[in-house]
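Here is the structure we will look at.
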Ligand SMILES: Cc1cc2nc3c(=O)[nH]c(=O)nc-3n(C[C@H](O)[C@H](O)[C@H](O)COP(=O)(O)OP(=O)(O)OC[C@H]3O[C@@H](n4cnc5c(N)ncnc54)[C@H](O)[C@@H]3O)c2cc1C
């Protein structure tokens, strides 16, 4: 088939690779001048497992801490009605998940897809000999008994979906991550030996080259003005004619709404802003060895080669610049957990990006409802973790094959 992909973030590049490797003729249209310039530029390093981030699954860490004065969510004056409606749906889903006797089925499906996605990523890394910054091991810090209680249901869901999670005490946690501050209050921790940290943008750049070797074409600086159905096609901004394809795959992250609306499709998608700070490692033993997730602040701190990256915060309607409180929290948590890990002198990168979020957690991967138009977007807080698995699943669907796992929780139709 002759297939157009819109968007060259991690979702678009992974999709391009899988489709080109299956033998399709693939053209990727990207409005920016390079790969991974938007949400996939400098996200957190939490590559596995998905689900630890407080914004991965509504209700996974309870409701309490996320809406109070200390909450990482910041609502600014520019918040739109659409964003408020999304927030209401997210909170409704979070409350329902908390009230139910067992964790929602969607959690198990998402966590199983995350494991599958990690396996796909490891397979591609090995096959293609991709040299990108990555490491193993994840530790979840539970600073208080309250954190442990809030995460109890997520812990069960992780185990039920096949993840190995060891509950460890503070001393064991400090042996796993010797750089943790000795005075950091720690009730307990979860250790996930198969957890992974990794550099999303580096991986995307390498996978794009691999897709090109399979014949995929990338057109940069090509903004798609509209997508057409019957027959499928895309119109590049500034071109009069529509370019026809056998199928179009939208991997536009949070920007999908403007292309979908004229086709009569509405997705409850918002761009939930967050920040990362990346800084050079000052002393290897003082920094994280893998990825450390702090339940109390909803942040993750990852080792990426010779750098440390902390990620967190959630902002809606806060304008163009990061909220000062978001950055303050990131700096505070970094120095509380790993004092002396980073060098402040030079090379500190502060980045703000948007998680493309749907209100129930999982992404929209599959048929859009318009013949010939497919979606692989809305991966929220787990787009890096889910990229390789979602792309493989979509390529299987387009080829008429049965994907490796049930896809109900990912179906775009669930959001109608
Ligand atoms: C602060 C923060 C921390 C995060 N931490 C993690 C983490 O630790 N682990 C994890 O798994 N995930 C994390 N994420 C989430 C992850 O970054 C995203 O889910 C993922 O990058 C989304 O990838 P994408 O390809 O769907 O979107 P994007 O990377 O945004 O790509 C979409 C692309 O589509 C292009 N595009 C849009 N419209 C058009 C158009 N009309 N024409 C042409 N091109 C178009 C855009 O330019 C863009 O390049 C984090 C996100 C943030 C903001």
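Throughout, read-outs are computed from the coordinates displayed, never taken from laboratory work. Model, not experiment: these values are computed from the prediction. For neighbour counting, all protein chains shown are included, and Cβ atoms are generated from backbone atoms with ideal geometry for every residue, glycine included.
In Å, the Kirkwood hydrodynamic radius of the stretch 139-220 over pairs of distinct alpha carbons? Before the final figure, lay out the partial values.
On the way: mean 1/r = 0.0643 Å⁻¹.
Over the stretch 139-220, the inverse of the mean reciprocal pair distance is 15.6 Å.
Per the Kirkwood formula on distinct C-alpha pairs, the Rh of the stretch 144-189 is how many angstrom? Intermediate values should be presented prior to the final figure.
On the way: mean 1/r = 0.0859 Å⁻¹.
Here the Kirkwood hydrodynamic radius works out to 11.6 Å.
How many Å³ per residue does the convex hull of the Cα positions in the chain occupy? Provide the component values of the computation, followed by the final result.
Numbers: hull volume 55.1 nm³, N = 416.
Given the Cα convex hull of the chain, per-residue volume reads 132 Å³.
Over all alpha-carbon pairs of the stretch 248-322, lay out the pair-distance distribution in 5 Å bins, whole %, shortest bin first.
Pairs per bin, as whole percents: 3, 13, 17, 14, 13, 13, 11, 8, 5, 2, 1.
Assuming 1.002 mPa s and 20 °C, estimate D for the stretch 228-373 with Stokes-Einstein, Rh taken as the Kirkwood radius over Cα pairs, in µm²/s. It would help to have the intermediate numbers written out before the result.
Working: Rh = 18.1 Å.
Answer from the Stokes-Einstein relation: 118 µm²/s.
Using a Förster radius of 22 Å, what is the FRET efficiency between residue 187 and residue 164 based on their Cβ-Cβ separation? Nearest 0.05, please.
0.55
Modelling each spin label as a point 7 Å along the Cα-to-Cβ direction, I'd like the residue 101/residue 219 distance in nm, to one decimal.
5.6
Hey, could you grab the Kirkwood Rh for the stretch 19-171? Inverse mean 1/r over distinct alpha carbon pairs, Å, one decimal. Please report the intermediate quantities before stating the final value.
Numbers: mean 1/r = 0.0538 Å⁻¹.
So the Kirkwood estimate lands at 18.6 Å.
On full extension of the chain, what length is gained from residue 172 through residue 209, given 0.36 nm per residue of separation minus the C-alpha to C-alpha distance? Mind dumping the intermediate values first?
Values: separation 37, 0.36 × 37 = 13.32 nm, distance 4.16 nm.
Value of the extension gain: 9.2 nm.
Distance from the Cα centre of the stretch 319-356 to that of the stretch 1-42, in angstrom?
29
Between residue 32 and residue 78, what length in nm is gained on full extension when 0.36 nm per residue of separation is reduced by their alpha carbon distance?
Working: separation 46, 0.36 × 46 = 16.56 nm, distance 2.54 nm.
Extending this stretch completely gives an extra 14.0 nm.
Could you let me know the centre-to-centre spacing of the stretch 220-236 and the stretch 68-113, using Cα atoms, in angstrom?
If you average the Cα positions of each part, the centres end up 33 Å apart.
So what is the 222 nm mean residue ellipticity for the chain from helices alone, if each DSSP H run of at least 4 adds -39500 (n - 2.57) and you divide by all residues, rounding to the nearest 500 deg cm²/dmol? Provide the component values of the computation, followed by the final result.
On the way: 10 runs with 125 residues, N = 416.
Result for the chain: -9500 deg cm²/dmol, rounded to the nearest 500.
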